[in-house]
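Have a look at the structure below, then the notes.
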Amino acid sequence: MPEVGVVNSSPSPQAGGSFPVVGIGASAGGLEAIGELLAALPEPTGMAFLVVQHLAPAHHSLLSEILSKKTSMPVAEVRDGMSIAPDHVYIIPPNTLLSLAADVLHLEPRAEGPQPSMPVDVLFHSLAEQRGHNAIGVVLSGSGSDGARGVQAIKEAGGITLAQDEASASFSGMPKSAAGTGCVDFVLNPREMGETLARIGKHPYLNTGTTAKAGEDAFTRAFRLLRESSSVDFTHYKRGTIERRLGRRMALHHLDDLTAYVDLLQDDPSELQALAQDLLIGVTSFFRDPAGLEALEQTVFPALMEGRSPKDALRIWVPGCASGEEVYSIAIGLLEFLGGRGIALPIQIFGSDVSETAIERARAGIYLGSIEADVSPERLRRFFVKLDDHYQIAKSIREVCVFAKHDATRDPPFSRLDLVSCCNLLIYLNQALQRQTLSLFHYALKPHGFLMLGPSESVGQSEDLFEPIDKRRRIYLRKAGSREPAFEPDRAAPAGRHDAARVAAVPALLEAERLQREADRVLLARYAPACIVIDEELNVLQFRGRTAAYLEHAPGAASLNLRKLAPPAILIALGPAMQEARRTGAPVRTGSLRLETQDGTRAVRLQVNPFQLPDAGLRGYLVAFEEEGGEKPHSFWGAFFERVTKVRAGAAQSAGPVSDELARLERELKATREYLHAATEEHEAYKEELKSAHEELLSSNEELQSTNEELVTAKEELQSANEELVTTNDELRIRNRDLVALNEALEEARDYAEAIVETGRAPLLVLDGSLHVMKANRAFYEGFKTRPEETEGRFIYELGERQWDIPKLRELLQEILPQNSRFEGYEMRHDFPGMGEKVMILNARRLGGGKRRAEMILLGIEDITERTRAEALELADARKDEFLAMLAHELRNPLAPIRLAIDTMRRIGTDNATVKFGQDVIDRQTAHITRLVDDLLDAARITQGKITLRKEPVALAEIIEQALEVSRPFLSEGGEHRLVVVPPSAPIYVDGDAVRLAQVVANLLHNAAKFTPAGGKITLSSESAGKDALLRVSDDGAGIRPELLPHVFDRFVQGDSSPARRHGGMGIGLTLARRIVELHGGSIEAKSEGEGRGSELIVRLPRLEQAPARPPAAAPRSAAGTSASRRVLIVDDNADAAAMLQTVLQMQGHEVRCAFDGAAGLKLAQQFAPHLVLLDIAMLGMDGYHVIRRLREQAGASPPVIAALTGYGRDTEWERMKQAGFERHLVKPVDPRALAALIESLGSQG
């Protein structure tokens, strides 16, 4: 397009393959964006996707595997020579550059060097060149400016470009640089990009590259809107280019109808401006044509410098300069040329463009860092200034370059120019506008000025204005000529009106020099003879005066050659005159010529004046037409009758004129003969040349015919081979499809296996045959606190601090591959720094190899450290339980006879106060010891969760009564306490274990009594609080210190733990209370205002909303039932305990026998036939379980009631007793009341 530079020549309308190709470029933070974009694409899209991610050169890429999880399209890493297909994703391998040629992908290694690699630009440029309008470029997250130059190339080729928005990009450098070029169509997040690509991919533009057919009216409206908006008339631009650009814009807006799009242009000024920018193609680059610049330095610049005055400014014009890269490139090349030769002279380089935005960017001279790919480091250092990630042209360069808004096709040009560089501008204009523009260039150049065009351009029909100097590089020299450029009146204004101060050389129509030329023209037209200027080939270069009387255009194609304009008389006389003038270098006048015209016969002489332009080396002739005598022309017959009259008037007088006339006619005849002779000779020469050419053509035709026959044969052979290849290709395609499916299955299996390995909790190592670590899973790295770089590739026995260097382990591993063996359950213990001792179970086996993989060893590691510790703790806990049970049993055995002895002594009675005091002391301490043992066992059971609650609806009053009954002895220790019991206003019921809850209240009362001095007050109250039942135990005793209050329910915590403490206990009573309350779904808290100010403990339990139905009252027992005598057999290896129990029962009127071992008990049972057997469990020799089994066998149908006597208070022991056949059990020391209740329950058994 005019007014802009472009990277390549005009893209061909046929550019692009059969389906669109999307190039995706990304760097840091781009992986997530690529995944989101692919996930948002529908299926199918009909497009191929090429992904270029900046990858570490030496690191294996997992990009294919990762992205394959984001899309159902096949994802493959590119191999050199791979063909592309729609709905496939292709990933660049590390350390390579990816490009596309036809439908084949090519890889090449990245160049080593200080300059950063630009793989995205490489891909985008190849897409622009190969796919044209079917190229789509996407720039995602990344730092730097890779991709910015590439989107310019895609935009110029008619493709579509997208960039990620800054809000969604982790790193905005790349998408921001791309958007800064002004060549990005959409700025979106990755998800929106996927939706947009799916929409654009269905538009017809991507198949045809042009817009839909429409009437001329639509184009006319579009041109009018563009002209009114941008002041640029696109009417005479090439229609193909216009249609492609319109089609591209319609695809962006998803419109298929051109009329609808023109309506959009009329309603949306921003779209009108965007279309104008698309048509102007504002894309260029530095040193885009190195060969052209080299030609300037070798040919043009030396010619311009030859004989030049140091004061004569060198003036260059670059029309369509876009953002100024070409202007600055020429300036740099010129300064390098002049500097290398020590030449100093004024320089003026003008850059023009119709886009004000482009001109502003050119004036600033600031460009992206990606120009490093186009500009050498030496030039960057000399002519640029680094600004962060941009470069700015040095001030010394900017000062010689002047930029102005200007339309090179219509505005008056710059004047007195030495060089016009117009690369890739004319290709966008039709022939008429090209000719007009070239005429403007011709007018602007000095006589010896040069014109440089782009690789795809030529002067075309303007060969009369420019002479080729270097056809290959499109360099031309201005010819002498007189064509005046045409300017449109409404646009004929000086160029650079915004830069009047700097653009002093802009031409004006009223310059003094042109005024002088105009005056000369008027004077010559009035007084000088009619004349023409011709060259050696008889081409008319200029007409002066009125030449219509002598020259006339012949029918047919228009021509300015004198052979088609002049009558034969002039041509006959002109040839010899030109030869004479050329030979002598002086003017030559011909004889009188008679020309027959519509107005009559004219007598004319020709004066041929040769001239030459020394500086241009051009030769020409000025041919003047001189009429003889100034007579008015007569008609032929008028002249004839006038001549006859004169002859008749006097024969003598007429003899002289007749002789003159005959002489003139003879001269004309002689000249005609000479002209005809020359023409005949020339004709013969042409005839010989044509004959020779005809013979050569016949020979060439025979050769071509032979060649054609060979080509036909070759074509048939190729067709046959092609059919074979098609068949083979079909087979290969099917095989390839099967292989692709198999490969995908293998990849899925591999991914599945790796996922299992990575997510497994057991550490795994893969070793090669020499015991190098090939791979380890995440569990290994996390479990042993190491990293891959410290593990992979090293010997297993070198890992860490050689913790794995165990001879036995090495021996086992080395035997696996040679012997195809395996091992399991190898236990390893070792101290690991920072982790302590680890206990591990190692298992190893062989992993089969193949053609591409050697055999390996899989080593599985099971860390059983925690399990081993848990087993040790469990064993220690079991031993503790056994110890506590044994301790309780051993403590209860001596307590049993003591308890029974006290009860016996009280039954006998005594009046001795000292004896009574001793009995009370023994009774209290026995009860205290018993309570300590019970608490100790209960604490162990509750901590292990082995306690079982027997819940049922129960009234709080009953719980309080049971607790008071148990606690009264403790409340009287050390003196009487004032106990205040506040009953609830209404009955309160809870769902709980009455025995355990009574134990809680008793513990709280016991704790209060222990820390309240004699005479102190203890208050026990209960109440309802919403859905809860509250129990409060408060006292005015010692209180609780603030620092102790948060820990009062912790196990073994006591207010005074010194050896001299006043209060006994083990500090587990409150711990038991809290755990029992929590098992009931309640809570307990302690309050105290400090030491010496008493305390309060509050129990909160879930309350039953309704009172439970009362069970029927038990029938009163008869007096006979309670006083009946029973036969009781006691079997216990503790003689004292058995004897005291016998004494108590005999005092109650029962018949009692004792046996002190199992065998004696069995024998006595046969003789005695007891109603009740009290059988000790833990006896030496035959224990209680053995005895009860034998008793059941020998008792037959009428067995006695058998109750167990045991010092073990665990629930598990009672369950075992019931399974063994015990119906009751009594825990030592036996409570006389419990013993009486047991005998009473026997009823009336006789």
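The values are calculated or read from the model by the stated rules, or taken from the named source; none is laboratory data. Just so we're clear, the structure is a prediction, and the values are computed from it rather than from any experiment. Heads up, the Cβs are rebuilt from the backbone with ideal geometry, glycines too, and the neighbour counts pull from every protein chain shown.
The sole residue among L264, L279, L246 that is touching a Lys or Arg at 6+ places or on another chain (Cβ under 7 Å) and assigned to a helix (DSSP H, G or I) is L279. Here G1121 passes the criteria (1) over 30 Å from P953 (Cα atoms); (2) at pLDDT 85 or above except the one numbered (2). From the list A963, A994, A1029, A998, the lone residue that is closer than 25 Å to R1075 by Cα, of a type in the set (G, A, S), touching a Gly at 6+ places or on another chain (Cβ under 9 Å) and surrounded by 15 or more Cβ atoms within 10 Å (Cβ to Cβ) is A1029.
Counting only helices (runs of 4 or more DSSP H) that fall entirely inside the range 289-379 and contain at least 1 residues that are under 25 Å from D121 (Cβ atoms), the qualifying elements are 290-295, 325-341, 356-364. Sub-6 Å Cβ pairs linking a first residue in the range 999-1013 that is more than 12 Å from V966 (Cα to Cα) to a second residue that is among the acidic types (D, E), at least 6 apart or interchain, are A1008/D1035; T1012/D1035, ordered by first then second residue. When L739 is tested against (1) over 23 Å from R845 (Cα atoms); (2) in a loop (DSSP other than H, G, I, E, B); (3) at pLDDT 75 or above, just one condition goes unmet, and that condition is (2). How about the range 406-465: which of its residues are closer than 19 Å to F301 by Cα and assigned to a loop (DSSP other than H, G, I, E, B)? Within the range 406-465, S415, R416, C423, G454 qualify. Outside any helix (DSSP H, G or I), farther than 30 Å from I960 by Cα and modelled with pLDDT of 90 or more: is that true of I1130 in this structure? In short, yes. Exactly one residue out of E537, E580 is of a type in the set (D, E), within 15 Å of L622 (Cα to Cα) and at pLDDT below 85: that is E537. For the structure I just gave you, tell me whether T241 is part of a helix (DSSP H, G or I) and either among the β-branched types (V, I, T) or out of contact with any helix residue (DSSP H, G or I) (no Cβ under 7 Å at 6 or more places or on another chain) (or both). Yes: the conditions hold for T241. For the range 283-291, state whether one or more residues are acidic (D, E), surrounded by 15 or more Cβ atoms within 10 Å (Cβ to Cβ), closer than 26 Å to T409 by Cβ and out of contact with any Leu (no Cβ under 9 Å at 6 or more places or on another chain). Checked against the condition, which is being acidic (D, E), surrounded by 15 or more Cβ atoms within 10 Å (Cβ to Cβ), closer than 26 Å to T409 by Cβ and out of contact with any Leu (no Cβ under 9 Å at 6 or more places or on another chain), the range 283-291 yields at least one hit. Residue pairs whose Cβ atoms lie under 6 Å apart, sitting 6 or more positions apart in sequence or on different chains, and linking a residue in the range 184-212 that is among the polar types (S, T, N, Q) to a partner that is modelled with pLDDT of 90 or more, are N189/D165; N189/S168; T196/F186. In this structure, does Y391 turn out to be in a strand (DSSP E or B), modelled with pLDDT of 85 or more, on the phi < 0 side of the Ramachandran plot and surrounded by fewer than 23 Cβ atoms within 10 Å (Cβ to Cβ)? Taking the combined requirement at face value, the residue satisfies it. The residues in the range 65-114 that are touching a Leu at 6+ places or on another chain (Cβ under 9 Å), more than 21 Å from R131 (Cα to Cα) and either among the aliphatic types (A, V, I, L, M) or not in a strand (DSSP E or B) (or both) can be counted, and the count is 11.
Filter the range 128-153 down to the residues that are hydrophobic (A, V, I, L, M, F, W, C) and in contact with a Leu (Cβ under 6 Å, 6 or more places away or on another chain), then identify the one that is surrounded by the fewest Cβ atoms within 10 Å (Cβ to Cβ). My answer is A148. The number of residues in the range 1025-1040 being in contact with a Ser or Thr (Cβ under 9 Å, 6 or more places away or on another chain) and part of a loop (DSSP other than H, G, I, E, B) comes to 5.
Take L100 and tell me if it is surrounded by 23 or more Cβ atoms within 10 Å (Cβ to Cβ), at pLDDT 90 or above and touching a His at 6+ places or on another chain (Cβ under 8 Å). When the stated conditions are applied, L100 passes them. Pairing residues of the range 356-369 that are at negative phi with residues that are assigned to a helix (DSSP H, G or I) and buried (at least 22 other Cβ atoms within 10 Å of the Cβ), at Cβ distances under 7 Å and at least 6 apart in sequence or on separate chains, gives A362/V327; L368/A148; L368/S177.
In the set (1) surrounded by 19 or more Cβ atoms within 10 Å (Cβ to Cβ); (2) more than 21 Å from I1076 (Cβ to Cβ); (3) of a type in the set (S, T, Y), S1034 fails one condition alone, (2). Within the range 838-859, the residues that satisfy the criterion of being among the charged types (D, E, K, R) and modelled with pLDDT of 80 or more are K838, R845, R846, E855.
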